[in-house]
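Written below as structure tokens is the structure these notes are about.
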Amino acid sequence: MLSGWADEQTYPVVFRLALDAPAEVVYLAGSFNQWQPRTTPMIPDAERRVWSLTLRLPAGAHQYKFVVNGVDWRTDPNAPVIDDGNGNLNSVVWVEPDGYNRPARIGDGHITRSAIRHNPSDLRDRNPIGGQLYLCLRVRKDDVAQATLVYRQNGRTRRMAMTPFVSDALYTYFRARLPEADMEYWFELRDGRMRLRLPAGNATFRHRRGENRFDVPDWVQDAVFYQIVPDRFYNADPTNDPDPSQPIDFTGRIEGDGFYGGDLQGILQQMDYLRTLGITALYLTPVFASVTHHNYDTDDYERVDPELGTNEDLIELAQALHQHDMRLILDGVFNHVGVYFFAFQDLLRHQEQSPFREWFIVERFPVAVQWNPNYWAWWNIPYMPKLRHENPLVRRYLLGVVDYWTRALRLDGWRLDVPNEVPDIFWREFRPVVRRANPDAVIIGEIWDDAGRWLQGDMFDSVMNYVWRGAVLGFVAHRSLTPSQFDQRMAQLQVMYPRQSLYAMYNMLSSHDTPRFRRECGGDLNRVRLGLLLQFTAIGAPAIYYGDEIGMDGGGTPDNRRPMRFERTPDEQSLFEYTRALIAMRKGSVALRRGDWTTVLVDDARGLYGFVRHHNGDAALVLVNVSDQSQRATVPAWNGISQWAHAVSTHTPTQTTFTVVEGRITVDLPPLSGTVLVPSGNSSIGGKTQ
């Protein structure tokens, strides 16, 4: 018998690095410490050549790197290396749970107890939303023949067979959905003659209406986001352009990435462009005073960067967007600051005597801005000193800034830069400040891997969905994932996050931190179109990085931040119109914005994949062919709908209406292509040929 538990079991893992020469310090950074190296120093031998550390980690795969002398990031020469899905190569260590030394086989009468998990305080396991209660139970993969939910309401006991929804390398996840009510519940597991109950004995889990509430702004799942780096978008006021030949600060450094003069007035002047495209929410990278083009090193949170405009320009932009039913999201950089930030300047002047010395993490004095600094800085870059959020004065100052701008602009949300490097205490104070200032404001975190712990109703609403992006890169851009592997990734997302966060995910193909999607596709516009089609039919809100709608090219930073072009070639105009059609289709389909996802076709041999998004009577059928040959896709008709119409395709279709024959619908797909069909009665949402 088992009791329910919330804490994951951990296992000792030894990390070891042997160097050719002595090192001053070696850190360990990885997915287990949010890639913050200074939090995990390693232990040297007497000669400081061999460094080791033992950590206790939960089961699963953990990515990591060694950081030598604070600046030299290295993979482990004695461990496998994998791509994290976004082009970064990391070492990986695999931690196996207890009991996994015995092979799992359904029907063998054994159940691996260490794998079983249901945490009723985790929204991924117990989530009330929209009058429904979603319950999830984790077991070992290929280990349990049947899982049953047993629940008691008003003295009456009922049973419900749970569905094995998705599996990963270690686990299978069973799900159940039922009307929300006050209840007691437990799980019964069966495999062969083995029976287990969770929790054990006569104990039960309990659910009461009103518990585990997590409200995400309703508008987000309907949004179409557009990200702009203001300096790179449109220059409406050359008088505020900086001189790129002049040093940008007292260290004498030059802005190597250059300035292009874009400003807030430029965004205002291009409002018609955004409206024509169909954008409903604008996300701006940082706009507050800084010395760089990207403004991620804030010197003054209370003042718009003069090279971008004035505070009044920002207020005017927010008002103009709201007048056109568009939303504004600002980038909140609260982990670190710039070298001209008032508290850091005081620290430089007064050193140990500075009243702001506890605003930063200083390892030794005197403090000076130099490489491998003696204070904590973001990725050890001396121009970005890290704030000490454990200090309540730091939190109070930052939260005052957040409250001011959220109210002054009636701001619709914050995108949070590197929030994994900021203590949770700050985000738990941040959320109520934002909600009081604007109850409808969304909070989106920049998290590159599993963000589940931040999406429990006390910190963020959503995250930039790099996990989704990595799957699309593998499936379409790099062609390293099969349809079945891509389908598994999509299913895993549905158990990775609470439903309300999943539908508010910020789904982007590119960002200011990644190569452009066109570059990832090797310049192949067919693959670009296919990626866009998947983006606008996915669960979550599509987010366009400026210029992706015309297929702008660019490699890693700063090449991915080329200035926007408004004069388009014929190919770029065609892609622009295609993106417009996708946006219009999504806006017209409640199924694509709010519907469930059901996979209807997985054919690895022929490179075919298909799914239906469905919501009440609305539906959209999405079919893709990732092979280099034309293919004929045949799928069961959805929900008895007999007539279907073409909505949007990556290509010019030869057929625009489809009739179900013997319960099935057949569609011909060219190489590297995709199409979206809708019930004929809903054909007004699309019907465009591209």
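Listed values, structure above:
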quantity	calculated
Pairs with Cβ under 6 Å, 6+ apart, first in segment 133-147 and at positive phi, second open to solvent by less than 40 Å² (accessible area, probe 1.4 Å)	D142/A104
Whichever residue in segment 110-126 is among the small types (G, A, S) and open to solvent by 20 Å² or more (accessible area, probe 1.4 Å) and, among such residues, is nearest to V495 (Cα to Cα)	S121
Output for segment 503-524, where each listed residue is touching a Leu at 6+ places or on another chain (Cβ under 7 Å) and open to solvent by 10 Å² or more (accessible area, probe 1.4 Å)	E520
Among (1) open to solvent by 40 Å² or more (accessible area, probe 1.4 Å); (2) in a helix (DSSP H, G or I); (3) not hydroxyl-bearing (S, T, Y) - the single one F576 does not satisfy	(1)
Residue within segment 415-434 that is under 16 Å from V220 (Cβ atoms), outside any helix (DSSP H, G or I) and among the β-branched types (V, I, T) present	no
Among (1) under 30 Å from D461 (Cα atoms); (2) open to solvent by 50 Å² or more (accessible area, probe 1.4 Å); (3) in a loop (DSSP other than H, G, I, E, B) - the single one N202 does not satisfy	(1)
Residue check for L592: farther than 15 Å from R516 by Cβ and in a strand (DSSP E or B)	no
Residue check, Y375 among the hydroxyl-bearing types (S, T, Y) and over 21 Å from V287 (Cα atoms)	yes
Segment 324-349, residues that are open to solvent by less than 90 Å² (accessible area, probe 1.4 Å), in a helix (DSSP H, G or I) and farther than 27 Å from N420 by Cβ	Q345, D346, L348
In segment 317-366, residue nearest to L387 (Cα to Cα) [restricted to those that are among the charged types (D, E, K, R) and out of contact with any helix residue (DSSP H, G or I) (no Cβ under 7 Å at 6 or more places or on another chain)]	E358
Yes/no for V402 being modelled with pLDDT of 95 or more, open to solvent by less than 20 Å² (accessible area, probe 1.4 Å) and under 16 Å from the mean Cα position of the chain (by Cα)	no
Filter pass, R213 being at pLDDT below 95, within 30 Å of L502 (Cβ to Cβ) and not aliphatic (A, V, I, L, M)	yes
Every residue from segment 140-166 that is touching a Gly at 6+ places or on another chain (Cβ under 8 Å) and either open to solvent by less than 30 Å² (accessible area, probe 1.4 Å) or under 28 Å from R208 (Cβ atoms) (or both)	R140
Test set (1) in contact with a strand residue (DSSP E or B) (Cβ under 7 Å, 6 or more places away or on another chain); (2) under 29 Å from A408 (Cβ atoms); (3) open to solvent by 50 Å² or more (accessible area, probe 1.4 Å) - E363 fails condition number	(2)
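The values are calculated or read from the model by the stated rules, or taken from the named source; none is laboratory data. What you are looking at is a predicted structure, and each value in this text was computed from that prediction instead of being measured. Note: ideal-geometry Cβ built from the backbone for every residue, glycine included; neighbour counts use all protein chains shown. The protein model used for the area step is the full one, side chains on, heavy atoms only, and it has no ligands, DNA or RNA in it. Shrake-Rupley method; radii C 1.70, N 1.55, O 1.52, S 1.80 Å.
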